[in-house]
Amino acid sequence: MNNKEEQKEEMITLTEAAAVAGVSTGLFALYVQFSPKMGNVWIRKDDEGNDVFVPKNLLNLMVEPFTNKQFWHPRNLDMNWLFLTASALGVYTGAKAIKSNLNK
């Protein structure tokens, strides 16, 4: 195999990236909903005490790192969707490259 073919094997496909990002986003949504640090982000109580689904709160939290520097402090990285998703993609890509190199 030539060098370009080897590099292509180590890269992730768009489908893989979407799957990793989707799983990462799902885990992030569960984490912020049930975390003692944050909690009740996208399922909240309304004025009558009923649980209501408020996806806009989750979306607002996900885009907050683009405008709020506090989300980039090490103590807040667990609430930073962009950081967590990029990290998940990096770990997946690294694991795939290591697996590819071990199979040579």
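Within segment 85-99, is even one residue out of contact with any strand residue (DSSP E or B) (no Cβ under 6 Å at 6 or more places or on another chain) and more than 22 Å from residue 15 (Cβ to Cβ)?
No, there is no match, as no residue in segment 85-99 is out of contact with any strand residue (DSSP E or B) (no Cβ under 6 Å at 6 or more places or on another chain) and more than 22 Å from residue 15 (Cβ to Cβ).
For segment 28-50, indicate whether the set of residues that are at pLDDT below 95, touching a helix residue (DSSP H, G or I) at 6+ places or on another chain (Cβ under 7 Å), under 24 Å from residue 101 (Cβ atoms) and not in a helix (DSSP H, G or I) is non-empty.
No - not one qualifying residue is present in segment 28-50.
Kindly evaluate residue 59 against the criterion of being touching a Leu at 6+ places or on another chain (Cβ under 8 Å), assigned to a helix (DSSP H, G or I) and free of Cβ contacts under 8 Å to residues at least 12 places away in the same chain.
Here the answer is no, as residue 59 does not meet what is asked.
The values are calculated or read from the model by the stated rules, or taken from the named source; none is laboratory data. This one's a predicted model, so the numbers in the text were calculated from it and none came from an experiment. Ideal geometry is used to build each Cβ from the backbone, glycine not excepted, and the neighbour counts take in all protein chains shown.
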